[in-house]
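J.: My structure is below; once you've seen it, I'll send some questions.
The values are calculated or read from the model by the stated rules, or taken from the named source; none is laboratory data. Keep in mind it's a predicted model, so treat the numbers as computed, not measured. Don't worry about glycine lacking a Cβ; one is built from the backbone with ideal geometry, like all the others, and counts go over all protein chains shown. Note: areas computed on protein heavy atoms with side chains; ligands, DNA, RNA excluded. Shrake-Rupley method; radii C 1.70, N 1.55, O 1.52, S 1.80 Å.
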Amino acid sequence: MADYDLTPRMAPNLDRHLVFPLLEFLQERQLYDDDHILKAKIDLLNNTNMVDYAMDIHKSLYHTEDVPHDMVERRAEVVARLKSLEEGAAPLVAFLQNAAAVQELRSDKQYNLQMLNDRYQIGPAQIEALYQYAKFQFECGNYSGAADYLYQYRALCTNSERSLSALWGKLAAEILMQNWDIALEELNRLKEIIDSKNFASPLNQVQSRIWLMHWSLFIFFNHDNGRTQIIDLFNQDKYLNAIQTSAPHLLRYLATAFIVNKRRRPQFKDFIKVIQQEQHSYKDPITEFLACVYVNYDFDGAQKKMRECEEVILNDPFLGKRVEDSNFSTVPLRDEFLENARLFIFETYCRIHQRIDMGVLAEKLNLNYEEAERWIVNLIRSSKLDAKIDSHTGTVIMEPNHPNVYEQLIDHTKALNGRTYKLVSQLLEHAQGQAAR
């Protein structure tokens with residue numbers, strides 16, 4: 001299933017430190033030769049300051065206790081540079097560690113800069129030194145220290161570009177420490193900046209949105225409410241356009257979120273159209289499953305794709321998260337996915353047929369006869385499906401469900417207000433752009 005591994009597509013849109021968890025997962029799943037993964041790790045580490053980690057991997061890869069001389073020299077350089085940066089940032093670090101002194105800071109950055117300069121002889125050079133020190137700490141793998149210093153730096157920084165860079169670094173550090181609540185706050189803060197009208201150029205804006213969506217996967221598939229929030233973010237017009245233009249592989253994660261989300265979204269029908277449109281540029285078993293069920297009504301194909309989906313989920317670093325419970329290990333998202341995928345097939349199949357053979361339905365759901373009967377009984381009891389099981393003939397009988405014309409009218413006009421709002425917003429943006437010229 002390495003054919004469906006998205007790491008080569010994901011890595012260029014991630015900070016190199018964020019690629020390490022992906023490689024760790026691939027190594028654990030043994031999708032690639034172990035030496036191949038170790039070499040990839042060393043290549044990543046070459047441009048970081050995590051020299052001790054690189055030395056350990058070199059020893060594992062080449063089965064030796066000796067390390068190259070350039071690694072030894074590099075380690076000495078890193079230690080010396082760290083000491084130098086620590087000295088440069090020392091005055092500001094000492095101030096920030098003094099709780100009484102920090103109380104003098106206000107929300108006005110200009111006041112803070114003036115106060116620091118007048119009372120503590122801390123000027124722009126020391127503030128810049130704090131940024132460099134925080135960045136170096138991050139490159140050394142000290143994410144906790146880096147996150148603290150980057151947060152404090154942003155409170156004093158007046159350079160918008162440098163402040164944005166510090167926010168990206170803070171987000172990466174929180175992700176790597178698995179502080180999902182804080183990481184989500186930083187993600188939303190970053191999104192607000194990226195979506196603002198005074199953000200750099202349109203090209204940079206699109207690229208930043210693509211980076212943001214890639215980084216967000218770590219949060220959304222670990223945060224309690226993430227599967228809802230990934231739909232809220234990825235399905236926005238500007239972000240969905242960026243996916244279709246430059247990162248169609250992200251459709252895998254949006255499709256998964258739609259499938260496992262218990263609250264069916266009105267946007268789901270529109271998303272199926274996107275899946276259909278983008279089949280030429282990207283497809284995998286998860287997107288093909290939706291196409292089989294909702295576009296082609298190919299239930300045999302859907303059953304086959306459902307088996308492949310299970311393998312894709314198990315081998316995906318974001319979807320295949322394992323939960324250990326004493327001696328038992330499970331992948332919760334896989335179980336939810338398969339349950340909802342069966343429901344998708346059942347609902348669609350029932351809309352087409354009035355009388356369904358239980359054996360045929362069991363085959364479509366990839367279950368044996370008894371499991372299928374039990375599953376359908378529970379579904380009929382817990383849902384509003386107007387159906388009954390005829391035990392003598394072994395069939396499920398669907399009662400005719402004639403659509404209510406008023407409900408249809410409401411469904412068709414429900415999105416009208418939102419679409420009108422979007423259209424007016426686009427016209428206003430265009431008019432403001434013309435006026436600015």
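J.: Using a probe radius of 1.4 Å on heavy atoms only, what accessible surface per residue do you get for segment 103-240? Whole Å² is fine.
T.: Numbers: 6600 Å² over 138 residues.
Ligands and nucleic acids excluded, the figure is 48 Å² per residue.
J.: Also, I was wondering about something else. Would you please give the FRET efficiency between N47 and R374, computed as 1/(1 + (r/R0)^6) with r the Cβ-Cβ distance and R0 = 51 Å, to the nearest 0.05?
T.: Plugging the Cβ-Cβ distance into 1/(1 + (r/R0)^6) gives 0.40.
J.: Once phi is turned into ³J(HN,Hα) by the Karplus curve 6.51 cos²θ - 1.76 cosθ + 1.60 with θ = phi - 60°, what whole-Hz value does each residue of segment 116-128 show in order, with x for glycine and proline?
T.: Ordered by residue, 3J(HN,Hα) equals 5, 5, 6, 8, 10, 6, 10, x, x, 5, 5, 5, 5 Hz.
J.: Over segment 221-278, with every protein chain in place, what whole percent of the accessible area is carbon and sulfur at 1.4 Å, could you tell me? Write out the running numbers ahead of the final one.
T.: On the way: 1070 of 2450 Å².
C and S atoms contribute 44 percent here.
J.: Moving on to the next point. How fast does segment 66-105 diffuse by Stokes-Einstein, in µm²/s, taking the Kirkwood radius from C-alpha pairs at 20 °C and 1.002 mPa s? Write down the numbers at each step before the final one.
T.: On the way: Rh = 12.3 Å.
Reported coefficient: 174 µm²/s.
J.: For segment 113-131 and segment 258-302, compute the distance between their C-alpha centroids and round to whole Å.
T.: 55 Å
J.: I would also like to ask the following. Only Cα pairs under 8 Å and at least 6 apart count here; give the relative contact order of the chain as a rounded whole percent. All intermediate terms of the calculation are to be shown ahead of the outcome.
T.: Working: 392 pairs, mean separation 42.6, N = 437.
Worked out over the chain, it gives 10 percent.
J.: Give me the dipole magnitude in Debye, nearest 20, for segment 263-309 about the Cα centre, with unit charges on the beta carbon: positive for Lys and Arg, negative for Asp and Glu. Could you put the intermediate results ahead of the total?
T.: Working: 9 positive and 7 negative charges, 61 e Å.
The dipole magnitude comes to about 300 debye.
J.: Measure nothing fancy, just the Cα-based angle from helix 180-195's long axis to the longest principal axis of the chain, in degrees from 0 to 90, nearest 10.
T.: It works out to around 90 degrees.
J.: What percentage of the solvent-accessible surface of segment 33-93, computed with a 1.4 Å probe over protein heavy atoms, is contributed by carbon and sulfur atoms?
T.: The value for segment 33-93 is 50 percent carbon and sulfur by accessible area.
J.: Related question: Within segment 53-111, report the GluC sites (Glu not before Pro) that DSSP leaves as loop and that have at most 16 other Cβ atoms within 10 Å.
T.: Here the GluC sites (Glu not before Pro) that fit, given the DSSP loop and packing criteria, are E65, E104.
J.: Also, quick follow-up: Spelling out what I want: for every residue of segment 201-213, take phi, set θ = phi - 60°, compute 6.51 cos²θ - 1.76 cosθ + 1.60 (Karplus), and round to whole Hz; glycine and proline get x.
T.: 3J(HN,Hα) across segment 201-213, in whole Hz: 9, x, 5, 5, 5, 5, 4, 5, 5, 5, 4, 4, 5.
J.: Report, to one decimal in Å, the Kirkwood hydrodynamic radius for the chain based on all distinct Cα pairs.
T.: One decimal place: 25.6 Å for the Kirkwood radius.
J.: Any idea how far apart D232 and E324 come out in nm if each label point goes 7 Å out from Cα toward Cβ?
T.: Those two pseudo-labels are separated by 3.3 nm.
J.: Calculate, in nm to one decimal, what L61 and R9 gain on full extension: separation in residues at 0.36 nm each, minus their alpha carbon distance.
T.: Computed gain between L61 and R9 is 16.2 nm.
J.: Let me ask something additional. Which entries of K238/K269; K191/K262; K39/K83; K191/K269; K83/K135 show an alpha-carbon separation above 21 angstrom in the structure shown? Before the final figure, lay out each step's value.
T.: Numbers: K238/K269 18 Å; K191/K262 26 Å; K39/K83 30 Å; K191/K269 26 Å; K83/K135 14 Å.
Check vs 21 Å cut-off fails for K191/K262; K39/K83; K191/K269.
J.: If each of L409 and K273 carries a label point 7 Å out from its Cα toward its Cβ, how far apart are those two points in nm?
T.: Here the modelled spin labels are 2.3 nm apart.
J.: Over the alpha carbons of segment 224-379, what is the largest minus smallest coordinate on each principal axis, giving the biggest first in Å?
T.: Principal-axis extents of the Cα atoms in segment 224-379, largest first: 46, 44, 25 Å.
J.: Quick check: pseudo-label points 7 Å beyond the Cα along Cα→Cβ at M115 and D35, how many nm apart are they?
T.: 6.1 nm
J.: Segment 6-135: D in µm²/s via Stokes-Einstein (Kirkwood Rh, Cα pairs, 10 °C, 1.306 mPa s)?
T.: Numbers: Rh = 18.0 Å.
In µm²/s, the coefficient is 88.
J.: Could I ask something else about it? Averaged over all directions, how much area does the convex hull of the C-alpha atoms of segment 140-274 cover when projected, in nm²?
T.: Details: hull surface 35.2 nm².
Computed as one quarter of the Cα hull surface, the answer is 8.8 nm².
J.: Could you rank E310, E185, E278 by how accessible they are, 1.4 Å probe, largest area first? Don't skip to the answer; put the middle values down first.
T.: Working: E310 55, E185 105, E278 20 Å².
So, going from the largest accessible area down, we get E185, E310, E278.
J.: Something else now. Report the residue, chosen from V424, V93, V67, that carries the largest GNM mean-square fluctuation when the chain is represented by alpha-carbon nodes joined by springs under 10 Å.
T.: In the Gaussian network model the winner is V424.
J.: In whole Hz and in residue order, list the ³J(HN,Hα) couplings for segment 88-97 that follow from phi through the Karplus curve 6.51 cos²θ - 1.76 cosθ + 1.60, θ = phi - 60°; x for Gly and Pro.
T.: Coupling constants for segment 88-97: x, 8, 3, x, 6, 4, 4, 4, 5, 7 Hz.
J.: Additional query: Can you tell me the Rg and the Dmax, both Å, for the Cα atoms in segment 86-127?
T.: Every Cα atom of segment 86-127 included, Rg and Dmax give 9.8, 27 Å.
J.: Per DSSP helix of 4 or more residues, -39500 (n - 2.57); summed, then divided by the residues of the chain. What does that give at 222 nm, rounded to the nearest 500? Walk me through the intermediate numbers first.
T.: Numbers: 23 runs with 306 residues, N = 437.
Computed ellipticity for the chain at 222 nm equals -22500 deg cm²/dmol.
J.: State the Kirkwood hydrodynamic radius of segment 42-119 in Å, one decimal place, computed from all pairs of distinct Cα atoms.
T.: Taking every pair of different Cα atoms in segment 42-119, averaging 1/r and inverting gives 15.8 Å.
J.: Ranked highest first by average number of other Cβ atoms within 10 Å, how do 317-325, 141-149, 355-363 line up? Don't skip to the answer; put the middle values down first.
T.: Details: 317-325: 14.8, 141-149: 20.1, 355-363: 16.9.
Ranking the peptides 317-325, 141-149, 355-363 by packing returns 141-149, 355-363, 317-325.
J.: Another question, then. What is the ratio of the Cα radius of gyration of segment 1-68 to 2.2 N^0.38 Å, with N the residue count, to two decimals?
T.: On the way: Rg = 12.4 Å, N = 68, 2.2 N^0.38 = 10.9 Å.
For segment 1-68, the normalised Cα radius of gyration comes out at 1.13.
J.: Answer rounded, prolate or oblate for segment 352-396, using the Cα gyration tensor with square roots of eigenvalues a ≥ b ≥ c: rounded when a/c is under 1.5, else prolate when a/b is larger than b/c, else oblate. List each step's numbers first, then the result.
T.: On the way: a/c = 1.45, a/b = 1.17, b/c = 1.23.
Taking the square roots of the gyration eigenvalues as a ≥ b ≥ c, segment 352-396 is rounded.
J.: Give me Rg/Rg_expected for segment 104-179, where Rg uses Cα atoms only and Rg_expected = 2.2 N^0.38 Å with N residues.
T.: So the Cα radius of gyration is 1.12 times the expected 2.2 N^0.38 Å.
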